[in-house]
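What follows is one structure encoded as structure tokens, with my remarks underneath.
A short reminder: the numbers here are calculations on the coordinates, not readings from a lab. What you see is a predicted model, and the numbers here were worked out from it, not measured in a lab. Cβ atoms come from the backbone with ideal geometry, glycine included; neighbour counts cover every protein chain shown.
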């Protein structure tokens, strides 16, 4: 069987990054062999090579937190790959959602678990945090921790402002109103204890359905 069109190192390994395909969050890093990558593609479950045990290992087989892989991406040199995945529980052996929860500050590492990697996740965490600062932020304190009815009113208000900006105002105004609308949407979701990820899952579901609907129907044979 020919090897995959990837550049494996002298030990037959290729570095693998596991990324949440919906949020973009980097979840973990490991190594894989040709066989491990093939197993991942065949089974749809993240599989790696354990350098300490010298064997293939399927992520989550023991813990129950298996990692379904949507697709495998390779970089421009084909010497590093991404398992674009649908995380099912924590990815780190420590129990953290992601292995990347430390930030480098000068010559020291500090715990950055309360500062998510992506902007939308960071905003969502700020809205959900009980430790809210009333100053220094670009958003007014009134926008945080609202009841659903209050959040709904602000979403209607901001969506209307965005619509007006789209019709008659400058690009800068459109950007500003779009940013405020997205922020208030996050506040509204929080008021119902709904995670943004649920919305992303629904968008992915609709995108998948649309892709399927866009495909031309198969013909049963030549028409007469």
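Points worth noting:
- Start at zero, step by 5 Å, and the Cα-Cα distances of segment 1-114 spread as 2, 12, 22, 23, 18, 13, 8, 2, 0, 0 percent across the bins.
- Rel. contact order, % - alpha carbon contacts under 8 angstrom, at least six apart, segment 1-114: 24 percent
- Between residue 7 and residue 150, the modelled label-to-label distance comes to 5.6 nm, taking each label 7 Å out from Cα in the direction of the beta carbon.
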